[in-house]
Amino acid sequence: QVQLVESGGGLVQPGGSLRLSCAASGSIRSLDTMGWFRQAPGKQRELVARIFSGGSTNYADSVKGRFTISRDNTKNTVYLQMNSLKPEDTAVYYCNVRAQLGGSFYWSDLWGQGTQVIVSS
């Protein structure tokens with residue numbers, strides 16, 4: 001069984017920083033795109049950032065220049081460094097990974113359990 005375990009959320013003041021981590025564990029044959037989504041109360045889940053297997057990235061306009069996504073393929077882990085945080089960044093952040101599991105060549109879409117980020121003074 002494959003799991004995505006997220007960590008790093010919490011309460012931070014405006015202007016502060018947090019670093020989220022998401023580690024994939026279990027029988028993983030290959031990882032493709034890894035990303036972060038977020039969902040604020042009363043809003044739809046939205047893409048924050050993603051990183052492709054070759055290392056290229058894209059970001060939501062609202063976080064460009066403040067957030068940085070990276071990955072460590074040796075650890076099956078994706079990170080999200082969040083700087084200059086704003087109250088509007090408050091949301092539950094979800095890790096999303098596209099992976100081949102076990103001996104299968106089928107691509108599965110995996111989600112983490114979510115980690116809460118609150119930006120408030």
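Within region 7-21, restricting attention to residues that are touching a residue at least 60 places away in the same chain (Cβ under 8 Å) and in contact with a Phe, Trp or Tyr (Cβ under 8 Å, 6 or more places away or on another chain), the residue that is least open to solvent (accessible area, probe 1.4 Å) is Leu20. Looking only at region 89-102, residues that are closer than 21 Å to Ser30 by Cα and either open to solvent by 70 Å² or more (accessible area, probe 1.4 Å) or assigned to a strand (DSSP E or B) (or both) come to 8 in all. Within region 49-67, residues that are over 13 Å from Gln81 (Cβ atoms) sit with their Cβ atoms under 7 Å from residues that are modelled with pLDDT of 95 or more and open to solvent by 70 Å² or more (accessible area, probe 1.4 Å), at 6+ positions apart or across chains, in these pairs: Asn58/Arg50; Ala60/Glu46.
Considered as a group, the residues in region 22-49 that are out of contact with any Ser or Thr (no Cβ under 7 Å at 6 or more places or on another chain) and part of a loop (DSSP other than H, G, I, E, B) include one that is most open to solvent (accessible area, probe 1.4 Å), and that residue is Gln44.
Total residues in region 72-88 satisfying the condition of being over 13 Å from Leu4 (Cα atoms), open to solvent by less than 50 Å² (accessible area, probe 1.4 Å) and in contact (Cβ under 8 Å) with a residue 40 or more places away in the chain: the figure is 3.
The values are calculated or read from the model by the stated rules, or taken from the named source; none is laboratory data. None of these values were measured; they are calculated from a predicted model. For neighbour counting, all protein chains shown are included, and Cβ atoms are generated from backbone atoms with ideal geometry for every residue, glycine included. Calculation scope for accessible area: heavy atoms of the full protein, side chains included, ligands and nucleic acids excluded. Shrake-Rupley method; radii C 1.70, N 1.55, O 1.52, S 1.80 Å.
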